[in-house]
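The values are calculated or read from the model by the stated rules, or taken from the named source; none is laboratory data. These figures come from a predicted structure and were not determined experimentally. Reconstructed Cβ throughout: ideal geometry from the backbone, glycine too, with neighbour counts over all protein chains shown. Note: areas computed on protein heavy atoms with side chains; ligands, DNA, RNA excluded. Shrake-Rupley method; radii C 1.70, N 1.55, O 1.52, S 1.80 Å.
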Amino acid sequence: MNASFLAEKFAAALAYEPYVHTGTEDQQRRWRQVHDATQLTAEQGRLLASFRRDMKVLIVSGIWCGDCVQQCPLLQRCAEANRQRIDLRLLDRDEHRDLSGQLRLNGGDRVPVVLFLAEDFELCSLAGDRTLSRYRALAAKQLGAACPLAIAPPDRGELAATLQDWLDEFERIQLMLLLSARLRQKHGD
């Protein structure tokens, strides 16, 4: 996966709203439900607004995927806090096998897989399919005595913890970009 391949994939990807509109009415409703329930704190918003380096965020997703429904709207909220510096796009996993086939996690075609890219499409990080907080919440539910309904939105605590996990990754990548000798030379800072 070189930068030119990732640039091509990014160009083919959809912004959040057009991507959500590819789903059925019920799928769109579920994505909107999580997006509407997700709010950044003032401190989180200030942190994201302070980013000085451009970053591209490419999500390999499935509009039908429950984990994508539970996490992609959180990533979008982060991007909305600094549209000038964070460009987020989504690709359907099954329509872009040339990329998703290179992103198999634990031997499977998991989604979402999030690629954090520099301004010139150099790969900085790959994360997926769930954050630590999301895995903890799922383990507590699935390894315990009760099995939850898959159509229910996550509780507020899980949503906040998962949002913070993703925000931490955005911040980590922003610091990587700020400290990059290659980018510091390019930008004269």
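Nearest 0.05, what FRET efficiency do Q84 and D120 give at R0 = 25 Å with Cβ-Cβ as r?
0.90
Which three extents, in whole angstrom, do the alpha-carbon atoms of region 1-122 cover along their principal axes, largest first?
Computed over region 1-122, the largest-to-smallest principal extents equal 39, 36, 27 Å.
May I ask you to give the percent of accessible area on the chain that is carbon plus sulfur, with a probe radius of 1.4 Å?
51 percent
Which of Q27, Q70, Q142 ends up with the largest GNM mean-square fluctuation for the chain, with Cα atoms connected below 10 Å?
In this elastic network of the chain, the residue with the biggest mean-square fluctuation among Q27, Q70, Q142 is Q142.
On full extension of the chain, what length is gained from L105 through H187, given 0.36 nm per residue of separation minus the C-alpha to C-alpha distance?
Answer, rounded to one decimal: 26.0 nm.
Provide the FRET efficiency to the nearest 0.05 for the A42-D98 pair, computing r from the beta carbons and using R0 = 25 Å.
0.05
Quick one: net charge of L40's neighbours, Cβ under 14 Å, K/R +1, D/E -1? If you can, show how the numbers build up before the last one.
Details: positive: R46, R77, R83, R156; negative: D36, E43, E80, D165, D168, E171.
After counting each charged neighbour, the total is -2.
How do H96, H187 stack up against each other in accessible area, from largest to smallest, with a 1.4 angstrom probe?
H187, H96
If Rh is defined by the Kirkwood formula over all Cα pairs and Rg also comes from Cα, what ratio Rg/Rh do you get for region 78-189?
So for region 78-189, dividing Rg by the Kirkwood Rh gives 1.03.
Name the helices (complete DSSP H segments) of the chain with a Cα length along the long axis of 27 Å or more and a Kyte-Doolittle mean of at least 0.0, or state none.
On the way: long enough: 156-179 (34 Å, 0.16).
What comes out of the filter, once short or polar helices are dropped, is 156-179.
With a 10 Å cut-off between alpha carbons and a GNM built on the chain, which of L123, L163, L115 moves the most?
L123
Calculate, for L175 and Q142, the FRET efficiency according to 1/(1 + (r/R0)^6) with r their C-beta to C-beta distance and R0 45 Å; round to the nearest 0.05. Spell out each step's value before the answer.
Details: r = 34 Å, r/R0 = 0.76.
Plugging the Cβ-Cβ distance into 1/(1 + (r/R0)^6) gives 0.85.
How charged is the neighbourhood of R130? Take every other residue with its Cβ under 10 Å from the Cβ of R130, and add Lys/Arg as +1 and Asp/Glu as -1.
Every neighbour counted, the sum reads 0.
Farthest toward the dipole's positive end in region 57-108, which of W64, S100, A79, given Cβ charges of +1 (Lys, Arg) and -1 (Asp, Glu) about the Cα centre?
Result: A79, furthest along the dipole toward the positive end.
Once Rh for region 46-88 is found with the Kirkwood sum over Cα pairs, what is the Stokes-Einstein diffusion coefficient at 20 °C and 1.002 mPa s, in µm²/s?
Diffusion coefficient, whole number: 194 µm²/s.
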